[in-house]
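For reference, the structure discussed in these notes is given below.
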Amino acid sequence: MHKLALIALTLLTTSANANQLIVEAFYDKDTRLVNVQMAERIANVKAYDLSAPDQFEKQLSEGLSSDPTLAQKQAKERIEQHGNEIQHQLMAAYEGALIAMKYEINKIPAIVFNGGEYVIYGVTDVNKAISMYKKQVAQ
C-alpha cells in the first residue's frame, strides 16, 4: 500500500512539474530584475547574469603580473591549486551566455518562456512579464 502511494505521489509531482511554467531571465550588471521571488511562486525561474563572464575573468586575472610570461606562470599555478573550483566558477559564469546564444537573445533584459517558446524584451519585472506571457498565450 505504501509503495502504491509513493508511486502515485511521484507521478503527481512529475506531472505538476511538467505543467509548470519555465522562465529564464537574462540581465547584466547594469540591469536589475525585480519581483523574481514573487514569480518563483508560480513558475520555475532561473536568472542569468550575462556580465558574469567578464566578472569571472576580472576576478581570475586579479593580482597577476603585468609581465605576460610571469602572468602565465602565476595563472598556471592558480589553476593547479584551485582547478576544480575554477572550473565550476567558469562553467557557472558562461552558462547564461551559452543559453542566450542558443535562444539568439539580441538585447537585454530578456525573459524567455518554456525553452524559447516566447521572449519578452525590455521588461525587468519578471512577475509582470509572466502576466504578459499568460495574456498573450490566452489570446
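The values are calculated or read from the model by the stated rules, or taken from the named source; none is laboratory data. Given the structure is predicted, the values throughout are model-derived calculations rather than measurements. Note that each Cβ is placed from the backbone with ideal geometry, even for glycine, and that neighbours are counted across all protein chains shown. When the accessible area is computed, the model is the full protein with side chains, heavy atoms only, and any ligands, DNA or RNA have been set aside. Shrake-Rupley method; radii C 1.70, N 1.55, O 1.52, S 1.80 Å.
The E57 and I22 beta-carbon pair, evaluated with R₀ = 35 Å, returns a calculated FRET efficiency of approximately 0.75.
Computed extension gain for H82 through K128, at 0.36 nm per residue and net of the alpha carbon distance, reaches 12.4 nm. Taking a ≥ b ≥ c as the square roots of the eigenvalues of the Cα gyration tensor, region 38-110 is classed as prolate, since a/c reaches at least 1.5 and a/b is larger than b/c. Anisotropy class assigned to the chain is oblate, per the alpha carbon gyration tensor with a/c at or over the 1.5 cut-off and a/b no larger than b/c.
When peptides 118-131, 55-68 are ranked by their average number of other Cβ atoms within 10 Å per residue, the highest-first order is 118-131, 55-68. Of all aspartates and glutamates in the structure, those lying under 20 Å Cα to Cα from K76, and not within fewer than 8 positions of it along the same chain, are D54, E57, E62, D67, E85.
The lysines within cross-link reach of K73, meaning a Cα-to-Cα straight distance under 18 Å and a gap of 8 or more places when in the same chain, are K58.
For the chain, with all protein chains in place and a probe radius of 1.4 Å, 54% of the accessible heavy-atom surface sits on carbon or sulfur. Rounded to 0.05, the FRET efficiency of the T69 and L90 pair, given R0 = 22 Å and the Cβ-Cβ distance, is 0.45. In summary, the lysines within cross-link reach of K46, defined as a Cα separation below 23 angstrom excluding same-chain residues under 8 places away, comprise K29, K102, K107, K128, K134, K135.
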